[in-house]
Amino acid sequence: MATTRLADVIVPQNFTDYVVENTMQRTALVQSGAAVLNPVISEALRAGSDSFTVPFWRDLGNEEANITNDDPDDFAAPKKIGAGSQRVRKSFLHNSWSAMNLASELAGSNAIERIQDRATAYWDRQLQARIIASLVGVLADNVANDGGDMVLNITGETGDAGVFSADAVIDATADLGDAAGSLTGIAMHSTIYRRALKADLIDFIPDSQGGSIARYRGLAVAVDDGLPATGTGDATAYTTILFGPGAIGYGMSPPNVAEGTEVENVPSAGNGGGMHVLHSRMNVAVHPAGFSWIEGTLVEAAPSLADLRLAAHWDRVAAERKAIPLAFLISR
């Protein structure tokens with residue numbers, strides 16, 4: 001029986017383009033509008049250096065408008081618009097899979113589609129994990145340096161008052177004021193998701209692929225067990241994150257020097273039977289709006305998920321709390 005091998009079906013450039021395009025469309029946080037492809041970040045990923053700066057305009061102030069008069073010598077003093085910048089860190093990522101096992105699984109099927117789907121699903125999870133880790137780092141920075149004005153922690157309350165609920169979600173958005181209505185998504189641990197399901201707080205709407213999208217009171221739901229869950233049993237504290245549009249900017253691209261997709265042939269493996277290894281490489285940058293990356297000390301050449309979760313690597317540069325479309329709820 002003929003066996004389909006990786007080297008027979010992979011066209012590296014086409015494979016890489018497919019994986020990049022589909023990963024940036026399928027991530028739940030992208031579909032919710034919380035994570036938005038940023039062309040500045042995408043372009044900077046193709047340039048040198050391990051980080052880059054993204055400038056931004058601050059909003060106009062809220063000073064009362066002038067009262068006009070008919071005095072020709074009374075000149076209005078124009079205000080100015082402020083600007084700021086955010087430092088964004090690149091990540092240089094890779095993974096590989098052995099063709100011996102994969103080829104036997106794919107024998108006799110449409111190999112290229114199966115391989116692409118598996119790789120896309122992997123990078124989809126990696127992109128979402130880096131988004132979540134960055135937001136956990138932002139939360140830690142907010143508690144450590146900004147008075148926790150983006151976080152509501154109800155775990156100290158007794159009984160049902162400390163448990164995830166619709167009221168708690170509403171209260172978590174209090175510091176957003178009139179900007180709370182712009183929230184579009186919510187990310188929750190699977191335990192919290194089950195609790196919301198049992199409370200009949202989750203609706204499902206059909207998507208374009210014939211499946212369904214979970215919604216929590218109108219917010220797109222992303223379920224991710226990478227969200228913090230500390231403690232044990234009924235005392236476990238779960239972090240839930242609410243997003244507004246464009247809360248996170250991101251970019252993905254293949255590397256400039258190495259191939260984004262490469263198939264390695266190892267003829268001597270398997271006692272001479274041969275082995276193929278599929279290498280997949282991706283440059284990624286994920287950045288929460290209103291924050292700047294602080295380099296500090298990294299063990300590797302790029303931040304790991306653990307690095308992204310640290311308060312020491314983030315600093316809020318947005319002038320106003322309401323300018324950041326994020327809110328955190330920590331509950332049982």
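The values are calculated or read from the model by the stated rules, or taken from the named source; none is laboratory data. Computed from a predicted structure; not experimentally measured. Note that we place each Cβ from the backbone using ideal geometry, even for glycine, and neighbour counts take in every protein chain shown.
What is the residue count in region 116-168 for residues that are surrounded by fewer than 18 Cβ atoms within 10 Å (Cβ to Cβ) and of a type in the set (F, W, Y)? Spell out the reasoning first.
Start the filter on region 116-168 by keeping residues that are surrounded by fewer than 18 Cβ atoms within 10 Å (Cβ to Cβ), which leaves 117-118, 121-122, 125, 129, 143-149, 153, 155-161, 163, 166-167.
Now restrict to residues that are of a type in the set (F, W, Y): 122.
Qualifying residue count for the region: 1.
Which one of A196, A140, A166, A161 is closer than 23 Å to A318 by Cα and hydrophobic (A, V, I, L, M, F, W, C)? Outline the logic, then answer.
Numbers: A196 fails: closer than 23 Å to A318 by Cα; A166 fails: closer than 23 Å to A318 by Cα; A161 fails: closer than 23 Å to A318 by Cα.
After ruling out the rest, the residue left standing is A140.
Would you check if V88 is at pLDDT 75 or above and either within 29 Å of D117 (Cβ to Cβ) or assigned to a helix (DSSP H, G or I) (or both)?
no
Residue by residue through region 270-306, note down the ones that are outside any strand (DSSP E or B) and among the hydroxyl-bearing types (S, T, Y). Give the derivation first.
Start the filter on region 270-306 by keeping residues that are outside any strand (DSSP E or B), which leaves 270-274, 289-290, 294-306.
Residues satisfying the conditions are T297, S304.
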Taking region 169-194 as the region of interest, how many residues are surrounded by fewer than 19 Cβ atoms within 10 Å (Cβ to Cβ) and in a helix (DSSP H, G or I)? 13
List the number of the failed condition for E320; all other conditions in (1) of a type in the set (D, E); (2) free of Cβ contacts under 8 Å to residues at least 60 places away in the same chain; (3) more than 23 Å from R46 (Cα to Cα) hold. (2)
Go through region 121-151 residue by residue and tally those that are in contact (Cβ under 8 Å) with a residue 60 or more places away in the chain, farther than 17 Å from G244 by Cα and not in a helix (DSSP H, G or I). 1
Of the conditions (1) farther than 17 Å from V163 by Cβ; (2) out of contact with any His (no Cβ under 7 Å at 6 or more places or on another chain), D225 fails just one. Which one is it? (2)
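If you go through region 216-239 one residue at a time, do you hit one that is among the basic types (K, R) and either within 18 Å of the chain's Cα centre (by Cα) or on the phi < 0 side of the Ramachandran plot (or both)? Quick ask: steps written out before the conclusion?
Initially, region 216-239 is screened for residues among the basic types (K, R), giving 217.
With the extra rule that they be either within 18 Å of the chain's Cα centre (by Cα) or on the phi < 0 side of the Ramachandran plot (or both), the set shrinks to none.
The answer is no; no qualifying residue exists.
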Are any of the residues in region 189-198 closer than 23 Å to V151 by Cα and in contact with an Asp or Glu (Cβ under 7 Å, 6 or more places away or on another chain)? yes
I'd like the full set of residues that are under 18 Å from R89 (Cβ atoms), within 14 Å of the chain's Cα centre (by Cα) and surrounded by 23 or more Cβ atoms within 10 Å (Cβ to Cβ), limited to region 292-332. L308
Pairs with Cβ under 9 Å, 6+ apart, first in region 49-76 and of a type in the set (S, T, Y) and surrounded by 12 or more Cβ atoms within 10 Å (Cβ to Cβ), second assigned to a strand (DSSP E or B) and at pLDDT below 85: T53/S85; T53/Q86
Identify, please: which residue in region 9-29 is part of a helix (DSSP H, G or I) and free of Cβ contacts under 8 Å to residues at least 60 places away in the same chain and is, among those, nearest to the chain's Cα centre (by Cα)? Q25
